[in-house]
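One structure below.
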Amino acid sequence: MSDEQLSRAPVPDRAEDDAFFPSEYSLTQYTSSTTDFDGTTYPKPYTGGKWKILMIGSQERYLMMKDGEFFSTGNHPVEMLLPMYHLDAAGFEIEIATISGDPVKFEWWAFPHADEAVKATYKKYEKQLKQPKKLADVIGEGFTAETPYLGVFIPGGHGVLNGVPFSKQVGDILHWAQANERFTISLCHGPASLLATAVDGGTFAYEGYEMCVFPDSLDTGANIEIGYIPGKMAWLVGESLRKYNVKILNTGITGQVHRDRFLLTGDSPLASNNLGKLAATTLLEAVNA
């Protein structure tokens, strides 16, 4: 059977009422058994032992769509694990947290099972991914100038739209990162997390920034047409960010990445390798400055 003959109907998830996985056809368009990892290594990794990365994952699987259907989602495995590979290879310890402390949820249907870099990263961090820290416990009595996170990494996948953009805890961490010249790293739908800085009347921290984000045009068009998502989105990432004078640089998904001050972003899963390299080299430059 050719790809074109595969069904474009979202696939029912038997674990939840009115919940759906992406269609068989859409997975042929959006997933692959390998990534574009190019063997990049870091001959002089960070060895100082102080600076770490805080990775905030999604603990939610089901994203409610505008008309009530659920998308069976989570974090995109390539968007999470490939940037993690680069940061880890560059010598940075990664601590994993979710808002609730419940396990990180993956879009397992997008896992590249023939990709050795991604598989090795998953294996190394599997325990943390299944037993992450609770974000409130990470924050404790609040971050200070001495808190040893050099970067905050928030990967994409539609699951990030659950909770993370509406979390005052996430917003407080991002405000802290910006105030203390620490890096924020995100891609695809992940930059929705930046909206958390405006929760409870807070000041949006990225007014006028340039960034790469998953295009709204795909979530309102092709993603519905090919059955990748089961219906209309309840809200759109780009539209919400543009209300704060954010300039989104990309119109499609080509693997584009961008740095604006201490914010590093990428446009889609295709940007995972590029963003990982950008983050690793940028953070190494920072610790060696």
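The values are calculated or read from the model by the stated rules, or taken from the named source; none is laboratory data. Worth saying up front: this structure is predicted, and the values here are computed from it rather than measured. Note that we place each Cβ from the backbone using ideal geometry, even for glycine, and neighbour counts take in every protein chain shown. Just so you know, the surface numbers come from the protein's heavy atoms only, side chains and all, with ligands and any DNA or RNA stripped out. Shrake-Rupley method; radii C 1.70, N 1.55, O 1.52, S 1.80 Å.
Listed values, structure above:
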read-out	value
Crossing angle, helix 272-288 versus the chain [Cα axis fit, 0-90 degrees, rounded to tens]	0
Check: segment 117-209 dipole with +1 on Lys, Arg Cβ and -1 on Asp, Glu Cβ, in debye	660
Segment 1-120 - Rg over Rh from alpha carbon coordinates, Kirkwood radius	1.05
Heavy-atom accessible area ranking, 1.4 Å probe, most first, across THR197, THR281	THR281, THR197
Electrostatic dipole magnitude of segment 157-231 [Cβ: Lys, Arg +1; Asp, Glu -1; Cα centre; debye, to 20]	200
Debye, to nearest 20: dipole size of segment 25-179, +1 on Lys, Arg Cβ, -1 on Asp, Glu Cβ	280
Length-normalised contact order for segment 1-73 - Cα pairs under 8 Å, 6+ apart - percent	30
Neighbourhood net charge (12 Å Cβ-Cβ; Lys/Arg +1, Asp/Glu -1) for PRO12	-4
Radius of gyration and maximum dimension Dmax of segment 3-59, Cα, Å	19.6, 54
Within straight-line cross-link reach of LYS119, lysines at Cα separation under 24 Å, skipping those fewer than 8 residues along the same chain	LYS44, LYS52, LYS105, LYS127, LYS130, LYS133, LYS277
Cα-based helix-to-principal-axis angle, 168-179 vs the chain, degrees rounded to 10	50
Per residue solvent-accessible surface (Å²) - the chain, probe of 1.4 Å	43
Euclidean distance of C-alpha centroids, segment 127-178 and segment 210-267, integer Å	21
Positive-pole candidate from ASN162, LEU87, GLY255, dipole of the chain, charges at beta carbon	LEU87
The chain: relative contact order as a whole-number percent, Cα under 8 Å and 6+ apart	21
Computed over segment 146-245: relative contact order in percent, which uses C-alpha pairs under 8 Å that are six or more apart	26
Unit charges at the beta carbon, dipole of the chain: most positive-side option, THR40, GLY238, SER193	THR40
Carbon plus sulfur fraction of accessible area for the chain, probe 1.4 Å, in percent	49
Rounded to the nearest 10 Å², the accessible area of TYR209 at probe 1.4 Å	20
Exposed-site-free run, longest, the chain (rule: GluC sites (Glu not before Pro); DSSP loop; at most 11 other C-beta within 10 Å)	1-140
Exposure ranking of ARG8, ARG61, ARG182, ARG242 by accessible area [1.4 Å probe, largest first]	ARG242, ARG8, ARG61, ARG182
Viscosity 1.306 mPa s, temperature 10 °C, Stokes-Einstein D of segment 147-235 from Kirkwood C-alpha radius, µm²/s	114
Centre separation in Å (Cα based) which lies between segment 181-195 and segment 55-83	15
Solvent exposure, largest accessible area first (probe 1.4 Å, DNA, RNA and ligands not counted), of LYS44, LYS134	LYS44, LYS134
Of LEU284, GLN128, VAL118, farthest towards positive along the dipole that unit charges on Lys, Arg, Asp, Glu beta carbons give the chain	LEU284
The chain: angle of helix 116-130 to the longest principal axis, Cα-based, in degrees nearest 10	80
